[in-house]
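Asker: Here you go, one structure.
What follows draws every value from the coordinates through simple rules; no lab data is involved. Everything numeric here is computed off the predicted structure, so don't read it as measured data. We place every Cβ from the backbone using ideal geometry, glycine too, and count neighbours over all the protein chains shown.
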């Protein structure tokens, strides 16, 4: 039976994190803890969210409601709406009257950073405007619900803890789009906006080509609720391992072990036998996370997704996509595609496997203190670490084979294709969708090129297509091959220049375009009707290249 009342929803509460881990001993009992400060120990800080004034529902995810067994009538329930717009005073039954924020460390490509910590120690870095408010079990599956934009926490570093509607719409839509693409991801539950509160943020003026934001704008505040089995990050394990290495306090090693045990329980218990010795569980955890992380990044490349800022604190230890801030989807094929102005080439599209390896390095480094003295277990852990690059390569090669309908990876064929994409200025999504129709002539690909083709280039394409089709004919029925390719090469993609107007219209109270995108993104592998395809399945117009807030943007807030 569907959950149709707030009381029934509240009855599903089950707080494994709050019950199983340690709170910051300096935290308040009631969660009134909103000023920036150092957090020296403990796994979480109890914090109450700051409610949005005069909240209005913008959108909810019908698909996630169905997956959780929630009735759609809940979106009209006053207590449900109040909770997910930041008012936790409605907590009832087994619910806790406060949420929680967590600290984590920051590393970039394996280099530990504390510069962003206002105290210069790393003890002020963590969930600055994201805090969880509910953890429960729905149909035997544990889920955690986290408010993005729910107000300041001790980790806010002096900021207001709010998110703006623009970035909240992006995150809401992107999470559901990625889920529909079959890419492991956090999910979107609800999106609320305040009808009276605004905050001032740097952004881009209309038609701006500036690299950095060039104006300040007042934007409505919003809260989006993201949902995942847990929000444990590599950066969290890294924080506790740093404290072990520095002997920050007597309980540091015990806190590291507790959070690793909690990670196994929350994200890997179905694959790790609880009867095994803890050291063996740790080794298996490393192998499983390596498999999930490499498969995830291969999926990112498959659908053209660039995370933009793949630090260790943005790397979910459960192996799924997390934190949709400065992300983007590749349109014009570019190995160095990077929408975030602060990301540089090290987090660009084709560098994501290397960034993943650096994050896995920090994960491995965090686990090693737990195996100290166990030579055999440490050797196996180190072997898993040393094998990351090879596993990553295998995942990427298998992904290219699937995109091209091949039984096995052909390095020459794939590399030649990538060179042709670059020379042709091809649109990544359109080109691969056209290949899914098994073309035999270059002219069938021309609508994916941003520049007119030439006889010489068409000749190169013809030679490549002939080689490719010969391989396909040896794999089986071509129609079966084409159908399989259409299941891995989406018919549509996220095009910022098309989606961005929905942010602006939502700020004016018109949520229709957002809901239209929400409906379209539910079925990304299905070719939309011709009239819709003419609007959404097209190359970026020239005026949107080098457009501030469209082709590039600062970290979305």
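Asker: Please give the peptides 426-433, 496-503 ranked by average Cβ packing (other Cβ atoms within 10 Å per residue), highest first, as a rough proxy for protection.
Answerer: Per-residue mean Cβ counts within 10 Å order the peptides as 426-433, 496-503.
Asker: Ranking request for peptides 305-311, 541-547, 520-526, 450-456: highest mean number of other beta-carbon atoms within 10 Å first, then the rest in descending order.
Answerer: 305-311, 520-526, 541-547, 450-456
Asker: A further question on this structure: What FRET efficiency, computed as 1/(1 + (r/R0)^6) with R0 = 56 Å and r the Cβ-Cβ distance, is obtained for residue 531 and residue 54, rounded to the nearest 0.05?
Answerer: Details: r = 38 Å, r/R0 = 0.68.
In this case the efficiency is close to 0.90.
Asker: Further question on the same structure: Considering the alpha-carbon set of the stretch 6-231 alone, what are its Rg and its Dmax in angstrom?
Answerer: Spelled out, the Cα radius of gyration and Dmax of the stretch 6-231 are 17.7, 53 Å.
Asker: Okay, next question. Estimate the FRET efficiency between residue 474 and residue 215 by the formula 1/(1 + (r/R0)^6), using the beta-carbon distance for r and 56 Å for R0, to the nearest 0.05.
Answerer: 0.45
Asker: Here is a further query. Between residue 398 and residue 28, what is 0.36 nm times their sequence separation minus the Cα-Cα distance? Round to one decimal in nm.
Answerer: 128.1 nm
Asker: Then there is this: If each residue of separation counts as 0.36 nm, what is the full-extension length gain between residue 277 and residue 497 once their alpha-carbon separation is subtracted? Each step should come with its number before you reach the end.
Answerer: Details: separation 220, 0.36 × 220 = 79.20 nm, distance 5.27 nm.
Value of the extension gain: 73.9 nm.
Asker: Please report the spacing between the Cα centers of the stretch 324-382 and the stretch 220-250 in Å, no decimals.
Answerer: So the two Cα centres are separated by 16 Å.
Asker: Before anything else, pin down the relative contact order of the stretch 400-557: Cα pairs under 8 Å, at least 6 apart, normalised by residue count, whole percent.
Answerer: 24
Asker: Another one. Would you mind calculating the gained length between residue 443 and residue 72 on full extension (0.36 nm times residue separation, minus the Cα-Cα distance), in nm to one decimal?
Answerer: Contour length minus Cα-Cα distance gives 128.8 nm.
Asker: Determine the calculated [θ] at 222 nm for the chain from helices alone, applying -39500 (n - 2.57) to every DSSP H run no shorter than 4 residues and normalising by the residue count; nearest 500 deg cm²/dmol.
Answerer: -12000 deg cm²/dmol
Asker: What is the Cα centroid distance between the stretch 482-507 and the stretch 454-472, reported in whole angstrom?
Answerer: For the stretch 482-507 versus the stretch 454-472, the Cα centre distance is 28 Å.
Asker: Output the peptides 324-336, 23-35 sorted from most to least packed, where packing is the average of other Cβ atoms within 10 Å over each peptide's residues.
Answerer: Most protected by this proxy first, the peptides run 324-336, 23-35.
Asker: Could I ask something else about it? Could you work out how far apart the two model spin labels at residue 35 and residue 249 are, taking each label as a point 7 Å from the Cα in the direction of the beta carbon, and quote it in nm?
Answerer: Once both label points are built, they end up 1.9 nm from each other.
Asker: Wrap a convex hull around the Cα atoms of the chain, take a quarter of its surface area, and give that in square nanometres.
Answerer: One quarter of the hull surface, i.e. the mean projection, equals 26.0 nm².
Asker: Shifting gears a bit: How big is the gap, in Å, between the Cα center of the stretch 397-432 and the Cα center of the stretch 169-191?
Answerer: Computed from Cα coordinates, the inter-centre distance equals 26 Å.
Asker: Pop a pseudo-label 7 angstrom from the Cα along the beta-carbon direction at both residue 462 and residue 350 and give the gap in nm to one decimal.
Answerer: 2.7
Asker: Given a Förster distance of 41 Å, report the FRET efficiency between residue 258 and residue 336 from their Cβ-Cβ distance, rounded to the nearest 0.05.
Answerer: The value I calculate is 0.50.
Asker: Between residue 111 and residue 63, what is the label-point separation in nm under the 7 Å Cα-to-beta-carbon projection?
Answerer: So the two model labels end up 3.9 nm from each other.
Asker: Place a label point 7 angstrom from the Cα of residue 14 along the Cα-to-Cβ direction, then list the residues of the stretch 256-295 whose backbone nitrogen is under 18 Å away.
Answerer: Under 18 Å, as judged by backbone N against the label point of residue 14, lie 262-272, 274 of the stretch 256-295.
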